[in-house]
Amino acid sequence: MVNPSPGDPGSPHGMKGLVTDWSADRRVFDVPWGKAMMWIFILSDVFIFACFLVGYMVLRMSTVEPWPDASEVFALTVGGQSIPLLLIAIMTFILISSSGTMALAVKYGYEKDRRKTAVLLLLTALLGATFVGMQAFEWTVLIGEGVRPWGNPWGAAQFGAVFFLITGFHGTHVTFGVIFLIIMTAKVLRGSLDDQRPGFLTGRKGRYEMVETLGLYWHFVDLVWVFIFAFFYLW
Amino acid sequence: MAEHGQESASYAAAGDLEEMELVHPRTFIGKYIWSQDAKVIAIQYGLTAMAIGLVALVLSILMRLQLGFPGVFSLIDPSSYLQYVSMHGMIMVVYLLTALFLGGFGNYLIPLMCGTRDMAFPYLNMLSFWFYLVSVLILVAGFFVPGGATGAGWTLYPPQAISPGTPGADGGVLLMFVSLIVFIAGFTMGGLNYIVTVLQARAQGMTLMRLPLTIWGIFMATVMALLAFPALLVAVLMMMCDMLLGTSFFMPEMLTLGEQSAHEGGSPLLFQHLFWFFGHPEVYIVALPAFGIVSDILATHARKNIFGYRMMVWAIIIIGVLSFVVWAHHMFVSGMNPYFGFLFATTTLIIAVPTAIKVYNWVLTLWKGNIHLTVPMLFAIGFIFTFVNGGLSGLFLGNVTVDVPLADTYFVVGHFHMVMAVAPVLVVFGAIYHWYPKITGRMLDDTLGKIHFWVTFLGAYAIFYPMHFLGFAGVPRRYYAYGETGYIADSVQALNAFISVAAIIVALTQLIFFFNLVWSYYRGRESGPNPWQATTLEWQTAHTPPRHGNFGERLPVVYRWAYDYGVPGAKQDYLPQNMPPEEVEAASDDAEADGEVRP
């Protein structure tokens, strides 16, 4: 019956701590429910993106047509010079920066600094929206050059299919993230997280932990982009 | 959980445990329709699953009518036969068994057995059910669109699933895809709830190694579902693109109906890999909750602790992990490197080890137990027999060289129906007979239950045993009719007719079960709070059926594991999980004062 709870000051670290956590009663992880849920959701989502990327690799390796050269396809012509991967580099930079602003928002959230949290959340949302906007621009350019889900001028038909499906699926994730960032900004601004006002739909009390839970999702979406970037644009 | 402040003081630190925020509805609609109470959601899940399961049962009877008496029933043409096969499979596996075990029993039992007031996220839980209901409606709509439901088989293999000529290739298959996507979205919401509740919201004293095995089975199955359904989601999304956008993920260059298709270079094998990466864990998603529930029913009704509890838990976990590395044994005849066949055959056969541990432990639980042959117990024992039978034929199919001649014959149909259709369904029935008194406060009728058990159990053998012989005779599965097939003996037809008659009798017997459910709800004997004298927390609630919030004023505190049955010296022969040690001592002192001497 004397099971130390996870996160107790006296609870052991390392392997022993792991065993203690898992053999405790009531809860395994010393985190709020929402955060535990987000971690498990992310694990499930990891499997979705993994399946997408593995599917992409299989198709790319099994096709008999040549695969279009990414550094040529994704080049922008600036001042008469073709610079490979320029747009993608900027997009990646913006998305990674948004992870930084998100992390700061979480920090100020825990310090209950309402104004700074709201500003940083809004900034994160803006950077995310910029990313989606630039992705839309990239799609437009490629469609203008004749890339279609069923074919393209340079080689294997699967190129367009995989590109639109995977970047589209990721872009949808970013878009949902932006929507929730805006909702969270509104919550923070009107003080719902300070006086623990229940949510409109779920009835769950507002807490600053919610900012961190949303932050987990946002960092995950950014991390997935790094993999898409590596496997799709650099390979 | 604030009411446990005093007891928490004995702990090093209770920490800032989260409070359950319950929404107390006042209207009828709030209580029973848009309900956020896990118990109501469980019943909503259960009734929807049973309703769609009945549809699938009727489909199987239609198939048997054609196979047993070819050409007699003119309404069954080859296309509709294929549609029955496909819809029957998909409904039974995903929309009945997965939804019933996890959405139904999971929702009802997880909060009660873990000793908490509700699921961690009641609103999400409610959404989960409504997504499920919508997915079922979309699935059923498939029957009514032009061209009818999909006839591609439940595996939905491309290219045929979306090629002209396959029934439902224009509309039905699309509705199947959409329905699956909605189902997966809804299941994810529910699944997150089940996992977080089990991991983070248990009662004081309830460690993971004190959880009833039912919860372990449901928990592990949910973890697997959250990792396996993504593969299906991706496969379905890609095939939808192939169908609607003209992409070629899975579609190779080919001639269909004499015309060159618009696709080129896709990989049908990729779909098979993705599908079975979902499909094989899915088998265990259905089986693990059944394993867990059977363990609890056996221990309760044999009045004996479960044999090897720790081994049972580890076996569940190991089966869960291994089930992710065996998927290609469904593809031995699809064409793959022989070394891979060897690898997957090996991993497949390794699963027999933890599974055998479980079977031995069930049998050893019964050994020298005080076996009460109640209806739930009959179903549980029936499960052991059926599961062993199905498992043994699995050893044949798991070996590449034996599988090749048996692939796509009725041997396969017999095998998987024994192991993952009949066996889990027997557990579903056993579990309903076991927990119905807690859900309604009344007992199901015993005589009707026994008739239901014996006809279903023996009938299942009459249906699926002969199929193994059909398989050896080389009868291929999923065929509408065999025509002038030279190598199939005439006697096969007699066997098919026999199977069909048995199937119809078993199907009609289920009406007794449904009658029993309804009749007992109004007229059944009052059960009292704990008719089976079980130890787990759901039987110790203040009210039967439990009210919203489950446990009245105070949440239970857990002092022991779930299997203290047949305890020497105790006044009753069992110790509920939440009986304090002082009460246990007091009870045994009384027994000694009465002059009872216990060894």
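The values are calculated or read from the model by the stated rules, or taken from the named source; none is laboratory data. Note that the structure is a prediction, hence the values are computed from the model and not measured. Every residue, glycine as well, gets a Cβ built from its backbone with ideal geometry; the counts of neighbours run over all protein chains shown.
I need a count of the residues in the range B:482-536 that are in contact with a Pro (Cβ under 7 Å, 6 or more places away or on another chain) and either at pLDDT below 95 or of a type outside the set (Phe, Trp, Tyr) (or both).
Here is the first cut: in the range B:482-536, the residues in contact with a Pro (Cβ under 7 Å, 6 or more places away or on another chain) are B:495, B:498-499, B:527, B:531, B:535-536.
After this cut, where a residue has to be either at pLDDT below 95 or of a type outside the set (Phe, Trp, Tyr) (or both) as well, the list is B:495, B:499, B:527, B:531, B:535-536.
Looking only at that region, the number is 6.
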When restricted to B:Ile61, B:Ile43, the only residue over 22 Å from B:Ala152 (Cβ atoms), surrounded by 15 or more Cβ atoms within 10 Å (Cβ to Cβ), modelled with pLDDT of 95 or more and within 26 Å of the chain's Cα centre (by Cα) is B:Ile43
Condition (residue is surrounded by fewer than 24 Cβ atoms within 10 Å (Cβ to Cβ), under 30 Å from B:Glu253 (Cα atoms) and within 20 Å of the chain's Cα centre (by Cα)) applied to the range B:160-171: is it met by at least one residue?
no
Considering only residues that are more than 7 Å from chain A (Cβ to nearest Cβ) and on the phi > 0 side of the Ramachandran plot, which ones fall in the range B:204-245?
none
Only unsatisfied item for A:Glu65, checking (1) buried (at least 17 other Cβ atoms within 10 Å of the Cβ); (2) in contact with a Gly (Cβ under 6 Å, 6 or more places away or on another chain), is (1)
Looking only at the range B:319-349, which residues are surrounded by 16 or more Cβ atoms within 10 Å (Cβ to Cβ) and in a loop (DSSP other than H, G, I, E, B)?
B:Val326, B:Met331, B:Phe332, B:Met336
Over the range B:263-284, the set of residues small (Gly, Ala, Ser) and either within 11 Å of chain A (Cβ to nearest Cβ) or surrounded by fewer than 18 Cβ atoms within 10 Å (Cβ to Cβ) (or both) is B:Gly265, B:Gly266, B:Ser267
Report whether or not A:Trp22 is on the phi < 0 side of the Ramachandran plot, among the aromatic types (Phe, Trp, Tyr), more than 20 Å from the chain's Cα centre (by Cα) and within 14 Å of chain B (Cβ to nearest Cβ).
yes
Among (1) under 20 Å from the mean Cα position of the chain (by Cα); (2) modelled with pLDDT under 90, the one test that A:Ser98 misses:
(2)
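Of everything in the range B:418-460, what is of a type in the set (S, T, N, Q) and more than 18 Å from B:Leu109 (Cβ to Cβ)? Give them in sequence order.
Keep residues of the range B:418-460 that are of a type in the set (S, T, N, Q), which gives B:440, B:447, B:456.
Within the range B:418-460, B:Thr447, B:Thr456 qualify.
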Quick check: is even one residue across the range B:152-160 among the β-branched types (Val, Ile, Thr) and more than 19 Å from B:Ser60 (Cα to Cα)?
no
Give all pairs with beta carbons closer than 8 Å in which a residue from the range A:13-35 that is more than 28 Å from B:Tyr123 (Cβ to Cβ) and of a type outside the set (D, E, K, R) meets a residue that is at pLDDT below 90 and loosely packed, with under 14 Cβ neighbours inside 10 Å; count only pairs at least 6 apart in sequence or on separate chains.
A:Thr20/A:Pro12
Which ones in the range B:246-262 are more than 8 Å from chain A (Cβ to nearest Cβ) and either assigned to a loop (DSSP other than H, G, I, E, B) or buried (at least 24 other Cβ atoms within 10 Å of the Cβ) (or both)?
B:Phe250, B:Met251, B:Pro252, B:Glu253, B:Met254, B:Leu257, B:Gly258, B:Ser261
